[in-house]
Amino acid sequence: PTAMLRALRRRWGAYKYRFVPWLALNLRRKRRTLRYVPESSKDKIISDEDVFETLLKLFKALFINDFNRQAHILALLPEIRSKYVELQTVEQKQSKVNSCNHQSRRVFSPEEVLFNTLGFTIGRDRSSLVSAGTGVFVTKGFVAKGTVVSMYPGTVYRKHEPIFFQSLGNPFIFRCIDGVLIDGNDKGLSRSVYRSCSRRDQLGPFQMSDESWLTATLQNPLAVGQYVNNCSREKAANVCYQEFDVPGYFPVELKQYLPNIVYSHDLESHPRCVVLVTLRDIKQGEELFSNYYTVVS
């Protein structure tokens, strides 16, 4: 009886921090679903400042590339408009220097903006692992070690918030160090919840998050991190997860590219993002592999 009670206590100890029965029951079989993170661990491979600067650089480039569609936002922010007009002018001058013709400014795809800004593109395709389904590959360029290469999109749930029904049959729930859960499923109930929360938080023309990761046409080309497969004996991890709380001073006009939304509306909380950072240099054609249990002690 004593041994049985101890076993039950151990099981409860593992379960109570997950809250989702499906996750607890499938932890061993579905290793990609939930990572175990010791309380004494941390996951900062690069600094929050480096993450912030990378996202800011890419999001600004996406905003300028899509400048004509931002008219409603810019009309309400004349100072912001002046700043971006200057940036756009500098970009156009640079483009003319690098180009032989002087045609009207070209609008690039988000993938082209990513390549022009960070020097690489990523995309989803059939994984090189047998029976692994979809994976994420570097489709063009080169990614240096210590680079933000992707983002894990989804609805952010704190420990006490309900996620039971969303979790059923869902292999895309990521557990942060502090127990916060991110539901990166782009189908079913998870999809509906994300869209509902995103539209709830929209302020006039200002979108507080990006819904495009739920579709095949991404506005933020980094928002495919939920499809990065776990490493294997044959395929070592080349990226790791790093948590990043979006600061309050993050430019409001660029939040439309953030692929995360909080489940409960709370003006005082900062949205949680999870980025994937490269552990080594990665070349064109290589698939990204993570280790769901790798943290920096």
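The values are calculated or read from the model by the stated rules, or taken from the named source; none is laboratory data. Everything numeric here is computed off the predicted structure, so don't read it as measured data. Cβ sites come from the backbone with ideal geometry, for glycine too, and all protein chains shown count toward neighbours. Note: areas computed on protein heavy atoms with side chains; ligands, DNA, RNA excluded. Shrake-Rupley method; radii C 1.70, N 1.55, O 1.52, S 1.80 Å.
Across segment 145-276, the relative contact order, built from alpha-carbon pairs under 8 Å that are at least six residues apart, equals 36 percent. With a ≥ b ≥ c taken as the square roots of the eigenvalues of the C-alpha gyration tensor of segment 103-235, please select rounded if a/c is under 1.5 and otherwise prolate if a/b is larger than b/c or oblate if it is not? It is oblate, given that a/c is not under 1.5 and a/b is not larger than b/c. For segment 104-206, the solvent-accessible area of protein heavy atoms averages 46 Å² per residue (probe radius 1.4 Å; ligands and nucleic acids excluded).
Taking amide H as placed 1.01 Å from N in the peptide plane, the amide H of L279 sits under 5 Å from that of G146, V239, C240, each at least 5 places away or on another chain. Taking the protein heavy atoms of segment 55-213 in the context of the full set of protein chains, the accessible area attributed to carbon and sulfur is 55 percent at 1.4 Å. Counting only Cβ charges, +1 for Lys and Arg and -1 for Asp and Glu, the dipole size of segment 156-297 around its Cα centre is about 300 debye.
Would you mind classifying segment 185-297 by shape? Square roots of the alpha carbon gyration tensor eigenvalues, ordered a ≥ b ≥ c; an a/c under 1.5 is rounded, otherwise it is prolate if a/b is larger than b/c and oblate if not.
prolate
Averaging Cα coordinates gives a centre for segment 66-86 and one for segment 162-230; these two points are 28 Å apart. Neighbours of Q70 by Cβ distance under 10 Å: Lys/Arg scored +1, Asp/Glu scored -1, total 0. Leaving ligands, DNA and RNA out of it, work out the accessible area of M4 with a 1.4 Å probe and give it in Å² to the nearest 10. M4 exposes around 130 Å² with every protein chain in place. Cross-link reach is defined here as a Cα-Cα straight distance under 18 Å, omitting same-chain residues fewer than 8 places apart; for K159 the aspartates and glutamates meeting it are E39, D178, D183, E243, D245, D266, E268.
Using a probe of 1.4 Å on the protein chains alone, the accessible area found for E287 is around 10 Å².
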